[in-house]
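Written below as structure tokens is the structure these notes are about.
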Amino acid sequence: MVRFIFALFTVLILAACGEGWDVGPNDGGHVFNKRFYYYYSEYCAYDSFGPYNCEGASSMSSYMWVGLRIDRDGMATLTLDGDSFVFLPGEYSEGYDYSYGGDYYQFYEGDEEITVYTDGFEMIFVDELNDEAIYYYADLPF
């Protein structure tokens, strides 16, 4: 009984000090780990020059959430409304959009690409096969 109480006391002290409890989202094994919520969307026609004939942003019937985690080893996990997709290094890119003024991660699969800006304000889904793009916004873009 004394050993159990001592073990429990030790665990509580370690928990209070924050020692040995780094698991989950704050485990230090990632370079980026955030979740974003989007409430507005905008449909556009799309070609090699970019989007055109956009319908204007409108409120979605329910929000869409996106989770993005980039591990230190380069593995990326993109979660779209609960469905997770894993990308190896080379299956996505990281960049800076000078016209937008923000960092982004861009994921490719076949004729589709998803761009997630690290500030969480905007996400873009492009379907090159069907020549369309959908912009998702956390807030109205104007």
**OP:** Only one of these is under 18 Å from His30 (Cβ atoms) and modelled with pLDDT of 95 or more: Tyr137, Tyr105. Name it.
**Re:** Tyr105
**OP:** Any residue in region 85-113 that's exposed (fewer than 13 other Cβ atoms within 10 Å of the Cβ): show its pairings with residues that are modelled with pLDDT under 95 and of a type in the set (A, V, I, L, M) at Cβ separation under 6 Å, as long as the two are six or more apart or on different chains.
**Re:** Asp111/Leu129
Original post:
How many residues are touching a strand residue (DSSP E or B) at 6+ places or on another chain (Cβ under 6 Å) and either open to solvent by less than 20 Å² (accessible area, probe 1.4 Å) or charged (D, E, K, R) (or both) if we restrict to region 125-140?
Top reply: 7
Original post:
Does Tyr63 satisfy the criteria of being closer than 18 Å to Tyr37 by Cα, open to solvent by less than 30 Å² (accessible area, probe 1.4 Å), modelled with pLDDT of 90 or more and not aliphatic (A, V, I, L, M)?
Top reply: no
Original post:
Only one of (1) open to solvent by 30 Å² or more (accessible area, probe 1.4 Å); (2) at pLDDT 90 or above fails for His30. Which number is that?
Top reply: (2)
Original post:
Could we say that Glu55 is at pLDDT 50 or above, closer than 30 Å to Thr118 by Cα, among the charged types (D, E, K, R) and open to solvent by 100 Å² or more (accessible area, probe 1.4 Å) here?
Top reply: yes
Original post:
In region 87-104, what count of residues is obtained for those that are part of a loop (DSSP other than H, G, I, E, B) and not hydroxyl-bearing (Ser, Thr, Tyr)?
Top reply: 5
Original post:
So is Asp111 among the acidic types (Asp, Glu) and either closer than 21 Å to Asn33 by Cβ or at pLDDT 95 or above (or both) or not?
Top reply: no
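The values are calculated or read from the model by the stated rules, or taken from the named source; none is laboratory data. The model shown is predicted, which means the values in this text are computed figures rather than measured ones. A quick note on method: Cβ atoms are made from the backbone with ideal geometry, for glycine too, and the neighbour counts reach across all protein chains shown. Each accessible area value is taken on the protein alone, full model and side chains, heavy atoms only, with ligands, DNA and RNA left out. Shrake-Rupley method; radii C 1.70, N 1.55, O 1.52, S 1.80 Å.
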